[in-house]
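Participant: Attaching a single structure in C-alpha cells format; questions to follow.
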Amino acid sequence: MLTIGEFARASGLTAKALRLYDELDLLTPAAVDPYNGYRYYTDDQVDQARLVARLRSAAVPLPRIAAIIRAATPQAAADEVLSYWRHVEADRASAREVITSLVALLTGQDNTMAAPEALNITLGELIAGVYEDLPDADDLTRIAEARRRARALTDLGEQLVDHYVSEAKLSGASWSDIGDALGTNADKARASDVFARYTNLNRHCIVLAQEAARTHKNDLIGTEHLLLGLLSEPRGLAYDVLTAHATSEQQVRDAVEAALPAAGEEALQGHIAFGPDSKDAIKETLRAAGELGHDWVGTEHTLLGLIRVEDSGAARVLRELGFTSGSLHETIKTEAAARLAE
C-alpha cells in the first residue's frame with residue numbers, strides 16, 4: 001500500500017488534487033484509516049492516476065475525465081478523448097475567426113466581412129445524411145434521429161437570431177425596430193435577448209450543463225444537466241446553497257446523476273438543444289430575478305427557476321433533498337442580500 005504522499009509522487013498529482021478526486025469519485029483510495037482519515041492506494045492505481053494527471057494537463061474538464069476513465073473499453077475511452085478534442089478544435093476555430101477580425105480592425109486593415117454563403121442544403125441531403133449515419137437502423141429509430149436533428153437546427157437558428165438581436169441593441173436599435181426586422185412585435189423581440197442579464201458565472205453554468213449532457217450522452221439539455229452545471233461552479237451562490245443544505249457535494253451530485261435520462265449510444269457533437277422543461281426553467285429563472293428586484297440573473301435565480309418547474313427532474317431531486325420553492329426563495333433572498341452587503 002502507498003501513502004497519499006508516495007502515491008502523489010508516483011502519479012504526478014498533488015495530495016490536494018488526490019483529496020479532491022476522491023471526493024469526486026475519480027480516484028478512490030484503496031483504503032482509508034477510520035481513525036485518522038489517512039488515504040492509502042495500491043500500485044495498480046498508479047496508471048489510472050497518471051492518466052488523470054495527463055488529461056488535466058490538457059485542460060480536460062473533470063466531468064469528461066470521469067467519462068473517460070469509466071468507459072467500458074479502451075476504445076470507448078479513446079472515443080471520449082477524441083470527442084473532447086473535436087469540441088476544443090471547434091471552439092478554437094471559432095475564436096480564431098474572431099481574433100483575426102479584431103487584429104484586422106485594430107491594425108486599420110479592411111475589416112469588411114464577406115457575406116456568408118447561403119445555407120445551401122436540400123431536404124434530399126438531410127435525408128441522405130440520416131441514412132448514411134444510421135445505415136442499419138429501422139424506420140422508427142430514423143424518425144427519432146430526424147426529430148433530434150430538427151430540434152438542433154431550430155435551436156441553433158434561434159441562437160443565430162439572438163446574436164444579431166444583441167448586436168442591434170448594442171448599436172442603439174430600439175425594440176420596436178428589432179421587432180419590425182423580425183416580423184414580430186417588440187415584446188417578442190425583447191424575449192429573444194434571454195441571456196442578456198445572465199452573469200458570467202451563470203452563463204458558464206449553461207456551458208457546463210451542455211458539457212454534462214454531452215458527457216452523459218444525452219441528446220437534450222435537461223433540468224438535471226442545468227443542476228449539474230450549478231453544482232460544477234463552486235463560485236456561484238447556488239453552489240453554496242446546495243452544498244450547505246446537503247451532507248456533501250457528492251450527495252447532491254449522486255442524486256442528480258441517478259435522475260439523468262438513459263445514455264445514448266454516443267456523445268453528440270456541436271450544439272445540444274434545450275429540452276422543454278429546461279426552457280420553462282429559464283423563463284422561471286428570469287421571473288425569479290424580477291421578483292427579487294435583482295437587475296442580474298445569477299446562479300441562484302437558475303436554482304429557483306429549476307424548482308419552480310414542478311414536474312421536472314431537477315425539481316424532484318431538489319424536493320428529495322429537502323428543498324421547497326418557498327424556503328429556497330427566502331434562503332436566496334437572504335444570502336443574496338448578505339453578499340451585496342459584503
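The values are calculated or read from the model by the stated rules, or taken from the named source; none is laboratory data. Just so we're clear, the structure is a prediction, and the values are computed from it rather than from any experiment. Backbone-built Cβ (ideal geometry, glycine too); neighbour counts: all protein chains shown. Surface accessibility is based on the protein's heavy atoms, side chains included, excluding ligands, DNA and RNA. Shrake-Rupley method; radii C 1.70, N 1.55, O 1.52, S 1.80 Å.
Participant: Taking the options Ala66, Ala76, Ala59, name whichever one is in a helix (DSSP H, G or I), without any contact (Cβ under 8 Å) to a residue 40 or more places away in the chain and either under 26 Å from the mean Cα position of the chain (by Cα) or within 24 Å of Ser232 (Cβ to Cβ) (or both). Break it down stepwise before answering.
Facilitator: Values: Ala66 fails: without any contact (Cβ under 8 Å) to a residue 40 or more places away in the chain; Ala59 fails: in a helix (DSSP H, G or I).
Residue meeting the stated conditions: Ala76.
Participant: Among the residues of segment 1-23, count how many are open to solvent by 70 Å² or more (accessible area, probe 1.4 Å) and in contact (Cβ under 8 Å) with a residue 40 or more places away in the chain. Please lay out each step first, then the result.
Facilitator: If we filter segment 1-23 for residues that are open to solvent by 70 Å² or more (accessible area, probe 1.4 Å), which is where we start, we get 1, 6, 9, 14, 16, 19-20, 23.
Now restrict to residues that are in contact (Cβ under 8 Å) with a residue 40 or more places away in the chain: 1, 23.
Residues flagged as open to solvent by 70 Å² or more (accessible area, probe 1.4 Å) and in contact (Cβ under 8 Å) with a residue 40 or more places away in the chain within segment 1-23 amount to 2.
Participant: For Ala244, state whether it is free of Cβ contacts under 8 Å to residues at least 12 places away in the same chain, farther than 14 Å from Cys205 by Cβ and either out of contact with any helix residue (DSSP H, G or I) (no Cβ under 8 Å at 6 or more places or on another chain) or surrounded by 16 or more Cβ atoms within 10 Å (Cβ to Cβ) (or both). Step through it out loud before you land on a result.
Facilitator: Numbers: free of Cβ contacts under 8 Å to residues at least 12 places away in the same chain: yes; farther than 14 Å from Cys205 by Cβ: yes; either out of contact with any helix residue (DSSP H, G or I) (no Cβ under 8 Å at 6 or more places or on another chain) or surrounded by 16 or more Cβ atoms within 10 Å (Cβ to Cβ) (or both): yes.
Spelling it out, Ala244 is indeed free of Cβ contacts under 8 Å to residues at least 12 places away in the same chain, farther than 14 Å from Cys205 by Cβ and either out of contact with any helix residue (DSSP H, G or I) (no Cβ under 8 Å at 6 or more places or on another chain) or surrounded by 16 or more Cβ atoms within 10 Å (Cβ to Cβ) (or both).
Participant: Against the conditions (1) open to solvent by less than 20 Å² (accessible area, probe 1.4 Å); (2) not in a loop (DSSP other than H, G, I, E, B), where does Leu26 fall short? Just the number, please.
Facilitator: (2)
Participant: Just give me the residues in segment 29-55 being among the hydrophobic types (A, V, I, L, M, F, W, C) and open to solvent by 30 Å² or more (accessible area, probe 1.4 Å), in sequence order. Talk me through it step by step, then tell me what you get.
Facilitator: First, the residues of segment 29-55 that are among the hydrophobic types (A, V, I, L, M, F, W, C): 30-32, 46, 49, 51-53, 55.
Passing the criteria: Ala30, Ala31, Val32, Leu51.
Participant: May I ask you to list pairs of residues, at least six apart or on different chains, whose Cβ atoms are under 8 Å apart, with the first in segment 319-336 being open to solvent by 60 Å² or more (accessible area, probe 1.4 Å) and the second being part of a loop (DSSP other than H, G, I, E, B) and of a type outside the set (S, T, N, Q)?
Facilitator: The qualifying pairs are Lys333/Leu292.
Participant: Just to be sure I understand, how many residues within segment 220-239 are more than 22 Å from Glu310 (Cα to Cα) and either outside any loop (DSSP other than H, G, I, E, B) or not basic (Lys, Arg) (or both)?
Facilitator: Going through segment 220-239, the residues more than 22 Å from Glu310 (Cα to Cα) turn out to be 232-236.
Among the residues that remain, those that are also either outside any loop (DSSP other than H, G, I, E, B) or not basic (Lys, Arg) (or both) are: 232-234, 236.
Residues that pass the stated criteria total 4.
A quick yes/no check of all residues on (1) over 21 Å from Thr324 (Cα atoms); (2) small (Gly, Ala, Ser):
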{"residue": "His225", "(1), (2)": "no, no"}
{"residue": "Gly229", "(1), (2)": "no, yes"}
{"residue": "Ala244", "(1), (2)": "no, yes"}
{"residue": "Gln251", "(1), (2)": "no, no"}
{"residue": "Pro261", "(1), (2)": "yes, no"}
{"residue": "Gly264", "(1), (2)": "yes, yes"}
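Participant: Any residue in segment 294-301 that is of a type in the set (Ser, Thr, Tyr) and in contact (Cβ under 8 Å) with a residue 24 or more places away in the chain? Write out each step before concluding.
Facilitator: Start the filter on segment 294-301 by keeping residues that are of a type in the set (Ser, Thr, Tyr), which leaves 299.
Still in the running and in contact (Cβ under 8 Å) with a residue 24 or more places away in the chain: 299.
Yes, some residue in segment 294-301 is of a type in the set (Ser, Thr, Tyr) and in contact (Cβ under 8 Å) with a residue 24 or more places away in the chain.
Participant: Right, another one. Does segment 258-286 hold any residues that are within 20 Å of Arg308 (Cα to Cα) and outside any loop (DSSP other than H, G, I, E, B), and which are they?
Facilitator: Scanning segment 258-286 gives Phe274, Pro276, Asp277, Ser278, Lys279, Asp280, Ala281, Ile282, Lys283, Glu284, Thr285, Leu286.
Participant: Pairs under 6 Å by beta carbon, first residue more than 12 Å from Gln210 (Cβ to Cβ) and among the hydrophobic types (A, V, I, L, M, F, W, C) in segment 256-280, partner open to solvent by less than 40 Å² (accessible area, probe 1.4 Å) and at pLDDT 85 or above, six or more apart or different chains?
Facilitator: Val256/Glu224; Val256/Leu227; Val256/Leu228; Val256/Val317; Ala259/Glu224; Ala259/Gly313; Ala259/Val317; Leu260/Glu224
Participant: Looking at Gly179 and the list (1) at pLDDT below 75; (2) surrounded by 17 or more Cβ atoms within 10 Å (Cβ to Cβ); (3) closer than 19 Å to Gly275 by Cα; (4) not aliphatic (A, V, I, L, M), which single condition is not satisfied?
Facilitator: Status for Gly179: all satisfied but (3).
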